[in-house]
Every structure is written in structure tokens, then in C-alpha cells.
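The values are calculated or read from the model by the stated rules, or taken from the named source; none is laboratory data. All values derive from a computational prediction rather than experimental measurement. Methodologically, a virtual Cβ is constructed for each residue, glycine included, from the backbone with ideal geometry; neighbour enumeration extends over all protein chains shown. Please note that ligands, DNA and RNA were not included when accessible areas were found on the heavy atoms of the full protein model with its side chains. Shrake-Rupley method; radii C 1.70, N 1.55, O 1.52, S 1.80 Å.
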Amino acid sequence: MGCTIIGCGKALPALEVENDELAKLVDTNDEWIVTRTGISSRHVAVGETGTDLAETAARAALGWSQEGWCERSLAPEDIDLVIVATITPDALVPSAAGLLRERLGLEHAIAFDLNAACTGFIYGLTVAESMMAACAPGFPGAPGRNPVRRALVVGDERLTHITDWADRSTCVLFGDGAGAAVVEWDEKRPGILSSFVLNTTDDTGALSCPHAFDAHVPFDAEGVVPSALTAADRAPYITTPAASHASEGSTEALEASPLQAIYMDGQKVFKFAAEAMTEAIHQVLARSGVALDDVACIVPHQANERIIKYAAKKLGRPMDLFQLSIANVGNTSAASVPMALADAYAGGRIKRGDKVIVVAFGGGFTSGAVLFEA
Ligand code: ACO
């Protein structure tokens, strides 16, 4: 028995932006971006909300549209749980999962968001499986738990809305999209065989995006400060690491920095990512007893093709073991793995009974992998 993936879908915004277009914004070129990252274009949500993207991906995974892959179509009342992994929700309240639940009419489902940056979908699968296992027949105390038999796990991002479009070292990387998977507790199938999630201290803030939603607080250490409610005091006052970083080199870049943006020390993140990905793969293999030779497909976080190449080399495996979906989407954080997974299923790469690993790393630092039997 186990938690099995029975449907997958994805959604991309209509606007696709080629590398050459970005050369109109920053000093870059197609050759640099393709060679260093494997990215040729990305999609930017100008007309779509995060909820729009999540809805399209979820409908495909549920079998409500022709776009995705699924074993069978489900009814709204079949879904007990919705988890949306995101760092860019449309609102803080309601949650992205709550908004999606409402859009899809999933009246029976409980819904909440999860933030583990680019590893969010891996954490989401792990949490969904744990909630299912805790109420499965035979588990002591199962009657005292919320019954969860099927869950919708979604990765949904509009990273372009927290991108510093004046910073060429990050703006060429990111894109928007959503990916969704339906998982079901099945008494007759093994489903997830092992999982591994890990948080590692990012003590230099190598990958960060400070929040910018603080209301101005009209208090100081002595108490109320009524003057703090003047219009000037209400002005946004957050300084991002991206802005302070830019200020070291150029005032122009500082002025152009948005209030809230992703800051990344690319080389530090690269080193962390390359190690974290191979470590997570080794861990899920060891925990399940499955040999790498028996794995049919690895679906990694699509951050940079070179990181995937590094992992392939370290594992001594050819690149065609890995699902590569980065070229026309870029890095879409939590949406990256479920979108690549939807590509792998839709393209016929994953067949019933195959052993598959999904693996990711991200800000925080977070990392993890799940090994399942399809
Ligand atoms: N176009 C042209 N030149 C550029 C660009 C650009 N877009 N960006 C940087 N450069 C220049 C730099 O200024 C530097 O020039 P210099 O040598 O004159 O100083 C040169 O290119 C090399 O820069 P590096 O930073 O050394 O380039 P590198 O090969 O490391 O690639 C990159 C940079 C792509 C960012 C890489 O470090 C990387 O992919 N890091 C990991 C990213 C990642 O995985 N993020 C995942 C997490 S994201 C998340 O969780 C939201």
C-alpha cells in the first residue's frame, strides 16, 4: 500500500520571452544565457494570476481537461486535501490553496500553503503522504485523524514578480508557471517508496527574498507614536539584500531595484545545489533499498542545466536518465518539478511500475527527494 501519483498537469502563462528580448533590459545575450543555464526562453504572467495557473494545471491533473496525464478523471468530492507550494501566493490570506480549492469547488478538501522555496513540491508530497498514512486502515489512531485518501499537490509561482529586472545575474533565470499532481492512497500499489527532506543553514543569505509587506507600526520602545501614521512614515522602507548589494557597484542599479526581489549569490547556490541534489538521490536510494540501475527516470528541479549535468556526472549516469524541461520555462521554483513531471508523464517517459525519483534544492536552504513506483 502507498501514496501513488495518478494524475499530472501543468500551465504556462501566454507570454513567452526569448533571451534576445532580455538584452533590451540588461547587458546580456542569448549565447551567454544558453551556454551558462540551458535556458532559451521563459513565460511571464502578465494576464494570469497564480490562481489562474494553478487552476489550469490542477484541472489537467484531475482529468477535467485534455491537457495533462491521468489514470482516471476524478470528481470534486474525491479530493480531501490541497497543498500549494509557493513563495509567490496571490495573497497572504486566503492561502493560494484556499483560493484554488474555491475555484475548483473542492468542498470536502482542507487546504493550506507550504513554503520550502524550490523544494516545495517535494515537501508537499512528503506531507500529503504522511497525512494519508496517519489515517490509513491499520494505523493506530487512524480514526482520530482527518481522513485523507486523495490529495492535490501543486507548485505555483510567478517568480517574475519578485525578480530584479535590473540584475542580469538573476533576471535571466526565472519564469512563471504551475504544475500539479493528484496522489491517492492505494491498498494495492506501493507508490512512494522513500523520501528525504533536509534544511541546511544558509548563513550568508546566498539565496533570499525579504518580505516587503510590513505595515508601518505606529509604536516605538516607549509606546504609541501617532505621527508614525503620517503618509511619509507609511512609505515603504524595506531595503532588500539585492538593493544593498547593488549599491556596492552602482547607484543606477540601486534605483532600479524593486522593493522586494530575489537576491542570489549564484556560485554559492550552484555549489550547494550540486551537492544537495546528489546527496538527496543517494539518501532515497539507501532508504528504499532500490539500486540506481533500477531507476527509469530522474525528474530534477530545473534551475540550471549545468547543475543537472554535474549531478549526472557525479552519479555516473547519462543525461538521458534525467527529464530536461528547462529550455523554454527557466527556473520556476516550486512549479519546476511538477511541471517537468507532467512533461515526463505526458511524453510517455514514465510507465506504470517504473521507479522514479523527483529531486530539488532551493532557498532556505532546502533540499529533498522522493522515490516512487509509478
Ligand atoms: N549575461 C552576460 N553576462 C553575465 C550575466 C548575463 N545574464 N550574468 C552574469 N554575467 C557575467 C558576470 O558579471 C561575470 O562577469 P565577469 O567575469 O566580468 O565578472 C561572468 O558573467 C561570470 O559570472 P558568474 O556568476 O561566474 O557566472 P556563472 O557561470 O556562475 O553562472 C549562474 C551564473 C547562472 C547564476 C550560476 O551561478 C547559477 O546557475 N547558479 C545557481 C542558480 C540556482 O540554481 N538557483 C536555484 C535556486 S533559485 C530559487 O530557489 C528561487
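Could you tell me whether region 334-341 includes any residue that is on the phi < 0 side of the Ramachandran plot, open to solvent by 10 Å² or more (accessible area, probe 1.4 Å) and of a type in the set (A, V, I, L, M, F, W, C)? It would help to see each step written out before you state the result.
Within region 334-341, the first condition is being on the phi < 0 side of the Ramachandran plot, and the residues that meet it are 334-341.
The next check asks that each one be open to solvent by 10 Å² or more (accessible area, probe 1.4 Å); those that pass are none.
No, every residue in region 334-341 fails to be on the phi < 0 side of the Ramachandran plot, open to solvent by 10 Å² or more (accessible area, probe 1.4 Å) and of a type in the set (A, V, I, L, M, F, W, C).
Only one of (1) open to solvent by 10 Å² or more (accessible area, probe 1.4 Å); (2) part of a helix (DSSP H, G or I) is not met by N328, so which one is it? Evaluating N328 over (1) open to solvent by 10 Å² or more (accessible area, probe 1.4 Å); (2) part of a helix (DSSP H, G or I) leaves (2) as the failure.
Looking at region 64-85 only, could you name the residues that are crowded, with 19+ Cβ neighbours inside 10 Å and either farther than 22 Å from F112 by Cα or not small (G, A, S) (or both)? Step through it out loud before you land on a result.
If we filter region 64-85 for residues that are crowded, with 19+ Cβ neighbours inside 10 Å, which is where we start, we get 64, 68-70, 74, 79-85.
If the condition is that a residue be crowded, with 19+ Cβ neighbours inside 10 Å and either farther than 22 Å from F112 by Cα or not small (G, A, S) (or both), then W64, G68, W69, C70, L74, I79, D80, L81, V82, I83, V84 are the ones that fit.
So if I check each of I308, I238, I262, which one is within 12 Å of the ligand (Cβ to nearest atom), at pLDDT below 95 and of a type in the set (A, V, I, L, M)?
Values: I308 fails: at pLDDT below 95; I238 fails: within 12 Å of the ligand (Cβ to nearest atom).
It is I262.
Checked against the criterion of being of a type outside the set (A, V, I, L, M, F, W, C), touching a strand residue (DSSP E or B) at 6+ places or on another chain (Cβ under 6 Å), open to solvent by less than 50 Å² (accessible area, probe 1.4 Å) and not in a strand (DSSP E or B), region 100-114 contains not a single residue that satisfies it.
Can you spot a residue in region 130-150 that is at pLDDT 95 or above, more than 15 Å from the ligand (Cβ to nearest atom), within 17 Å of the chain's Cα centre (by Cα) and of a type outside the set (D, E)? Checking region 130-150: not a single residue is at pLDDT 95 or above, more than 15 Å from the ligand (Cβ to nearest atom), within 17 Å of the chain's Cα centre (by Cα) and of a type outside the set (D, E). Which residues, counting only those in region 162-198, are in contact with a Pro (Cβ under 9 Å, 6 or more places away or on another chain) and either modelled with pLDDT of 95 or more or surrounded by 19 or more Cβ atoms within 10 Å (Cβ to Cβ) (or both)? Residues satisfying the conditions are I162, T163, D164, A166, G175, D176, G177, A178, G179, A180, A181. Take A117 and decide whether it is within 30 Å of V26 (Cβ to Cβ) and buried (at least 19 other Cβ atoms within 10 Å of the Cβ). Taking the combined requirement at face value, the residue satisfies it.
Criterion first (out of contact with any strand residue (DSSP E or B) (no Cβ under 7 Å at 6 or more places or on another chain) and either on the phi > 0 side of the Ramachandran plot or open to solvent by less than 40 Å² (accessible area, probe 1.4 Å) (or both)) does T37 satisfy it?
Working: out of contact with any strand residue (DSSP E or B) (no Cβ under 7 Å at 6 or more places or on another chain): yes; either on the phi > 0 side of the Ramachandran plot or open to solvent by less than 40 Å² (accessible area, probe 1.4 Å) (or both): yes.
When the stated conditions are applied, T37 passes them.
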